[in-house]
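Each reported figure results from applying straightforward, stated rules to the coordinates on display, with no laboratory input. Keep in mind that this is a model prediction, so the values were computed, not measured. Don't worry about glycine lacking a Cβ; one is built from the backbone with ideal geometry, like all the others, and counts go over all protein chains shown.
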Amino acid sequence: MGLISSVGVIWLALNWLIIVMALFVVPRNRKPTAGTAWLLLIFFFPIFGIILYLILGNPKLPKARRDAQKTLNGLIDSAIKDLKKHRDSSGLLEAEVPQKYESLAKLSTALSHLPVFEGNHVELIPEYNNVIDQIVNDIDNAEHYVHLEYFIIAIDDITLPIFDALASAVKRGVIARVMYDSFATHRYPRWKEMIKRLESDGVIVQAMLPFKLPTRGYVRPDLRNHRKLVVIDGHTGYTGSLNLVQRDYHRKDEIYYDEMVVRMQGPIVLQLAAVFVTDWYSETGELLDYRTMGVLSSNIKSYGDSLAQVLPSGPGYENENNLKLFTALIHRAQKKIIITNPYFVPDDALTTAITSAAIRGVEVIMINSEVMDQKLVGHAQRSFYESLLKVGVKIYWYNSPVLLHSKFMTIDGEVATIGSSNLDIRSFILNLEVTLISYDAKVVRNLNKIEAKYIKNSKQVTLEQWRQRPKRQQLFDNIARLTSALQ
């Protein structure tokens, strides 16, 4: 009996030691909501909670990788200065944005070291298969290099033409590099065959954020590179929401996806190239020569009159770049905000920005999907609906079984963001993302036409209807919202 009593005392003491240590460690440099969620977990389940915290508690990449990002930021600054020396008489690099958005452009530049460039052509591609066809066409015309970086790359009937185009490009002397997120891609059939195919064709292949055991350089296993981008010869590029996989993502249910991709030509593509170079260096230790990314910077030329800027974000940066951008943009809105995104689990700052905009008279529209492909995220998202509907935000559900996977935002018909980033805590803190900022009213007008089509294919969610949803669903929503804070 005495032994059992001693074990109990030791166990109790250990639990309290864990709890006291957690109070010193967990809240440090962490948002109060996330810190509170972790502390509650540890208080109620000390051993389980601290083990989970040791595995998932650090939302940043290892110091060596963050230092690599700082090194690349310095090189990007030098590269931009070098490029300015070679710009032509039209002044294609640094550009002046409308005065209303000067502070926004300065914020993005300070966060990413990438300024606004002019002389670009920006084309929207909302049709799924058209994206693949266009990428294949551009690869077929590549003369120097092709760089692909995707969260998911799968070989299937839809994507096979890209693999064929890469093989043909290598045969004619083009350098092809491909990066894929290790965890996401390995979930899809034939991934080993895909990698062998690329390597046998002469493509240089690199996994991003592969799993590592808890040793030096340990990376939290759920940190993911969620970027989607293509760079061809330094003058043609792509980014957006689409992964290289067939439209149903090899799902067993009836869900399939609609996407938004932007094709760019002009100096802005060099900023996408900088993102690729950074990720390549972080994964391989090989620093690609930025001077070859534009295939001689003196050949930079204008493809149009669009002003644009690229903003990378993720746990390699000290700041939550995309969250700061989206929040600042919404605060500057005066007339109309349209948010199209499949996953909306905002933090307090973004929620306040959106509700404040609606209260001060800005028309705020949010387009989500009726169908949920990720139940936990879907229920967490729905937990925010009532507070949004109460202040007049209009919410539309894209009709099932299609999940609207597009990720873009338009403000006042003047500026837009398009990219890979969801509006959730994962994309703000844990995922590496990339966003294109377009300061071009023509691009925004074209996006507005696409938004109108989305709304036509949607049903509106009303406050009265939402309050009448089943109690069980409300419970699921609230529980999912609480778990979303464990970041």
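Taking amide H atoms as placed 1.01 Å from N in the peptide plane, the amide H of LEU61 lies under 5 Å from those of GLY316, each 5 or more residues away in sequence or on another chain. Computed from backbone phi, the HN-Hα couplings of the stretch 102-118 come to 4, 5, 5, 5, 5, 4, 4, 5, 5, 6, 10, 6, 10, x, 6, 10, 10 Hz, rounded to whole numbers (Karplus: 6.51 cos²θ - 1.76 cosθ + 1.60, θ = phi - 60°; Gly and Pro given as x). Put simply, the amide H of LYS407, placed in the peptide plane, has neighbours under 5 Å in SER241, MET260, GLY419, leaving out anything fewer than 5 places away on its chain. Near the amide H of TYR145, within less than 5 Å, lie the amide hydrogens of ILE175, ASP233, all on another chain or at least 5 residues away, with H placed in the peptide plane.
Let a ≥ b ≥ c be the square roots of the eigenvalues of the Cα gyration tensor of the stretch 257-362; is it rounded (a/c under 1.5), or, if not, prolate (a/b larger than b/c) or oblate? It comes out prolate by the Cα gyration axes.
Which shape class applies to the stretch 110-259: rounded if a/c is under 1.5, otherwise prolate when a/b exceeds b/c and oblate if not, where a ≥ b ≥ c are the square roots of the Cα gyration tensor eigenvalues?
In terms of gyration-tensor shape, rounded.
Rounded to whole numbers, the Karplus 3J(HN,Hα) couplings from phi for the stretch 346-357 are x, 8, 4, 5, 5, 4, 4, 4, 5, 5, 5, 4 Hz, using 6.51 cos²θ - 1.76 cosθ + 1.60 with θ = phi - 60°, and x at Gly and Pro.
Backbone geometry of the stretch 428-438 corresponds, through the Karplus equation with coefficients 6.51, -1.76 and 1.60 at θ = phi - 60°, to 3J(HN,Hα) couplings of 6, 10, 9, 9, 7, 10, 9, 10, 9, 9, 10 Hz, x marking Gly and Pro.
Counting other Cβ atoms within 10 Å, which trypsin sites (Lys or Arg not before Pro) in the stretch 208-280 have at most 10 and lie in a DSSP loop?
Hits after loop and neighbour filter: ARG216, LYS252.
Between beta-carbons, use under 15 Å as the cut-off and find the net charge around ILE125, counting Lys and Arg +1, Asp and Glu -1. Neighbour charge sum, excluding ILE125 itself: 0. The alpha-carbon of LYS252 sits under 17 angstrom from the alpha-carbons of these lysines, leaving out residues fewer than 8 places away in its chain: LYS375. The simple spin-label model puts a point 7 Å past each Cα toward its Cβ; for ARG172 and ASN130 those points are separated by 2.5 nm.
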